[in-house]
Amino acid sequence: MELETDTSRKLYIDWLLITTITLFGLFGLIMIYSASFIQGYETFGNISYFFERQLMWLIVSAVLFTFFMFFPYRHYRKLSFWIVLFSVILLVLVKVPGIGHSVNGANRWIVIMGFQLQPSEFVKLGSIIYLAYVYSRKQAFINKFFSGVLPPLLVVVGFFLLIMWQPDLGTATSIVLVAGLIAFCSGARMIHLISLGSLAGWAIYHYAHSETYRLNRLIGHRNPFELEASEGLQLVQSYIAIAHGGLTGAGLGQSVQKLFYLPEAHTDFILAIVSEELGVFGIAFVFTCMLIIIIRGIVIGARCNDTFGSLLAFGIVFQLCIQMVFNAGAVSGLLPITGIPFPFISYGGSSLMVTFISMGILANISRKTERDRQEKYEEEESFEEETAVTNEIGGRTSLRRVR
């Protein structure tokens, strides 16, 4: 397992992808400072507290992105078993006293050397790598339910149960959805996927109805003003922020809702602050960046001739899309509030780091695909030149014989 160091080959870089995520990351850093400086001062006596921590994570994430961009993705095949094992260990550690860290009654974090990490964020990527590897090997019998489709999904069910143990319904649901989409891209039959999807939906439905507070949290977006004192508070304040921003926004740093009216203003609901301060133009910038990354990821996956690489690229794009939809849907009231961060711009080291690692893997697939395409083109061009030379020599020989 070595980095790509063959200097005889061209250094193919996906500049469109790199430029977009760089702008996105810097934009997120600016918005986190704007959304959090009041809370940083009130809680820690430092207006730059959240900004400084996010800047540190952004630097670490940029280094990891560079590493994974040059680390050949094919090596993940050999590492898939260890990735699954490591993911299970991380999910168990959140319940270990002294390591696991609880916030608002949820055990979703572990503390290592003073830093909080959210294991479920890493499990998102680990499950994608595992599923891409297994389904790329099961192409010969992907139409068979018990031998082709089901076995990899049992591992995902294990992840789902461990994450629900924390509990974290939003992340668990996103992992299941991505697993279904990867299975679909692998060629699984629709009847199999519909059956599994119905079973998963039934399980989530009964889990939601098992406790009143869970049900209120999931349906609170329907009538937020009736539950304004409890589950509807965040959504009502988000509506106010969006309405205040209008078309052009109130101006960078001029948000009113971040003054302790909107909970989690710099994390799950930072999109509402973007809308309040920068208006429709700010939201347009965010979704334009996301659209460029998603389209680029789909193109990379479609062009990749390696099934594993293709499924890996699609899985990364699916995960990004689902996070975007879940977060934007919650902020706008179209979907329940699930606590899913918005990629690149929400505060949180684990989410940012995993997102940049995923983008690094995607950039590596792009490099490998482009290099293969270029080598194929050069081989075809060389073959055509050799054929032309051979025909020319053959023509001269025939002419001499005639003479």
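The values are calculated or read from the model by the stated rules, or taken from the named source; none is laboratory data. Since this is a predicted model, take the numbers as computed values, not measurements. Here the Cβ is made from the backbone with ideal geometry for all residues, glycine too, and neighbour counts use every protein chain on show. Ligands, DNA and RNA are excluded from the accessible area calculation, which covers all protein heavy atoms including side chains. Shrake-Rupley method; radii C 1.70, N 1.55, O 1.52, S 1.80 Å.
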>> If packing is taken as the average count of other Cβ atoms within 10 Å, what order do 113-123, 82-92, 37-47 fall into, highest mean first?
In response: 113-123, 82-92, 37-47
>> Name the residue from Gln257, Gly348, Cys304 whose Cα lies farthest towards the positive end of the charge dipole of the chain, charges +1 on Cβ of Lys and Arg and -1 on Cβ of Asp and Glu.
In response: Cys304
>> For Cα pairs less than 8 Å apart in space and 6+ apart in sequence, what is the mean separation divided by the residue count of segment 55-154, i.e. the relative contact order in percent?
In response: 20
> Order of 128-135, 299-306, 242-249 by packing, highest average Cβ count within 10 Å first?
Replying inline: 128-135, 299-306, 242-249
> For the chain, what does -39500 (n - 2.57) per DSSP helix run (n ≥ 4), summed and divided by total residues, give at 222 nm, in deg cm²/dmol to the nearest 500?
Replying inline: -24000 deg cm²/dmol
>> So, for the chain, what is the accessible surface per residue at a probe of 1.4 Å, expressed in square angstrom?
In response: 49
> Taking the highest mean first, how do the peptides 348-356, 192-200 order by number of other beta carbon atoms within 10 angstrom per residue?
Replying inline: 348-356, 192-200
>> Using 0.36 nm times the number of residues separating Val60 and Gln374, minus their current alpha carbon distance, what extension gain do you get?
In response: 109.8 nm
> Which listed residue (Gln139, Gly246, Pro336) has the Cα farthest towards the positive end of the charge dipole for the chain, taking +1 on Lys and Arg C-beta and -1 on Asp and Glu C-beta about the Cα centre?
Replying inline: Gln139
> Hey, if you put +1 on the Cβ of every Lys and Arg and -1 on every Asp and Glu Cβ in segment 49-121, which of Phe51, Leu85, Leu117 ends up farthest toward the positive end of that dipole?
Replying inline: Leu85
>> Can you list residues from other chains, or at least 5 along the same chain, whose modelled amide H is less than 5 Å from the amide H of Gly249?
In response: Gly279, Val280
>> Computing the accessible area with a 1.4 Å probe over protein heavy atoms, can you report the carbon and sulfur percentage for the chain?
In response: 64
>> Running a GNM on the chain with Cα contacts under 10 Å, which residue among Ala62, Ala330, Ala284 ends up with the highest mean-square fluctuation?
In response: Ala284
>> Suppose the chain between Leu85 and Arg222 were pulled fully straight at 0.36 nm per residue; how much longer would it get relative to their current alpha carbon spacing?
In response: 45.3 nm
>> Rounding to the nearest 10 and keeping the result within 0 to 90°, find how far the Cα-based axis of helix 119-137 lies from the longest principal axis of the chain.
In response: 30
>> Please give the charge dipole size of the chain, origin at the Cα centre, charges +1 on K and R Cβ atoms and -1 on D and E Cβ atoms. Round to the nearest 20 debye.
In response: 1180
> Using Cα atoms only, what is the angle between the long axis of helix 270-303 and the major principal axis of the chain, expressed in degrees (0 to 90) to the nearest 10?
Replying inline: 30
> Against the longest alpha carbon principal axis of the chain, how many degrees, from 0 to 90 and to the nearest 10, is the axis of helix 15-44 turned?
Replying inline: 20
>> 7 Å from Cα along Cα→Cβ at both Asn143 and Arg303: what's the point-to-point distance in nm?
In response: 3.2
